[in-house]
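**Student:** I have a structure here, written as structure tokens, and I will follow up with some questions on it.
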Amino acid sequence: MRDLVRDYVLEHLADDEAVLVLDETGFLKQGHASCGVARQYTGSVGKITNCQIGVFAAYVSRHGHAFIDRALYLPKVWTDDPERLAAAHVPEGIGFSTKPRMAQDMIERAIEANTPFAWVAADSVYGVSHLETALRCAGRGYVLGVKGAHTVKAWARWAHLTSKMQL
């Protein structure tokens with residue numbers, strides 16, 4: 001289904017200068033049975049609360065924008081509990097994955113499907129991971145947020161960010 005949605009979106013929005021935007025959102029929940037629900041931080045309400053987290057890849061071009069990939073984040077309290085996974089009908093072999101790793105998987109799927117895009121944009125959840133290196137290796141431009149004290153690897157040497165950039 002994911003591939004069909006992506007292909008449909010590309011029929012209408014494909015552009016070599018498109019941007020792949022990665023972000024997560026929380027879905028507030030009251031119970032504990034919904035797959036992936038746990039007390040965790042969600043920017044949707046700006047605090048730790050009972051919710052599910054979805055990681056999304058949106059395709060943005062001059063022709064429009066649409067989601068082309070998504071994944072449900074499973075916290076360790078879920079992936080460390082095989083009975084809970086089975087009760088929620090999570091397919092075997094699904095284990096813990098960080099949000100940046102999930103985003104990297106989405107980028108890799110887009111590249112493997114020859115999805116045309118020049119840039120990737122994401123906030124600091126994704127900017128402090130191996131995602132930057134993967135994007136460099138794939139020859140894609142990127143704008144990734146980082147926290148103010150984060151050390152980023154420059155092309156030739158290490159540089160320390162000492163102040164926040166204002167756009």
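The values are calculated or read from the model by the stated rules, or taken from the named source; none is laboratory data. Please read all numbers here as calculations on a predicted model, not as lab measurements. When we count neighbours, we look across all protein chains shown, and the Cβ atoms used for this are built from the backbone with ideal geometry, even at glycine.
**Student:** Within the group Ala66, Ala33, which residue is part of a strand (DSSP E or B) and either at pLDDT below 95 or touching a helix residue (DSSP H, G or I) at 6+ places or on another chain (Cβ under 6 Å) (or both)? Even if it seems obvious, please write down each step before you answer.
**Tutor:** Numbers: Ala33 fails: part of a strand (DSSP E or B).
On inspection, the qualifying residue turns out to be Ala66.
**Student:** Among the residues of the stretch 51-63, is any aliphatic (A, V, I, L, M), in contact with a strand residue (DSSP E or B) (Cβ under 6 Å, 6 or more places away or on another chain) and either over 29 Å from Ala121 (Cβ atoms) or exposed (fewer than 15 other Cβ atoms within 10 Å of the Cβ) (or both)?
**Tutor:** We begin by selecting, within the stretch 51-63, every residue aliphatic (A, V, I, L, M); these are 53, 55, 57-58, 60.
The next check asks that each one be in contact with a strand residue (DSSP E or B) (Cβ under 6 Å, 6 or more places away or on another chain); those that pass are 53, 55, 57-58, 60.
From the residues that got through so far, the ones that are either over 29 Å from Ala121 (Cβ atoms) or exposed (fewer than 15 other Cβ atoms within 10 Å of the Cβ) (or both) too are none.
No; the residues of the stretch 51-63 include none that is aliphatic (A, V, I, L, M), in contact with a strand residue (DSSP E or B) (Cβ under 6 Å, 6 or more places away or on another chain) and either over 29 Å from Ala121 (Cβ atoms) or exposed (fewer than 15 other Cβ atoms within 10 Å of the Cβ) (or both).
**Student:** Further, regarding this structure: For the stretch 15-50, how many residues meet the condition of being in contact (Cβ under 8 Å) with a residue 60 or more places away in the chain and surrounded by fewer than 16 Cβ atoms within 10 Å (Cβ to Cβ)? Break it down into steps so the answer makes sense when it comes.
**Tutor:** Of the stretch 15-50, the ones in contact (Cβ under 8 Å) with a residue 60 or more places away in the chain are 15-24.
Still in the running and surrounded by fewer than 16 Cβ atoms within 10 Å (Cβ to Cβ): 16-17.
So the answer is 2.
**Student:** Looking at the stretch 122-145 only, could you name the residues that are assigned to a strand (DSSP E or B) and within 15 Å of Asp105 (Cα to Cα)?
**Tutor:** Step one: of the stretch 122-145, the residues assigned to a strand (DSSP E or B) are 122, 141-144.
Ala122, the sole residue that qualifies.
**Student:** Are any of the residues in the stretch 11-26 under 15 Å from Ala71 (Cα atoms), of a type in the set (Gly, Ala, Ser) and assigned to a loop (DSSP other than H, G, I, E, B)?
**Tutor:** No, the stretch 11-26 has no match at all.
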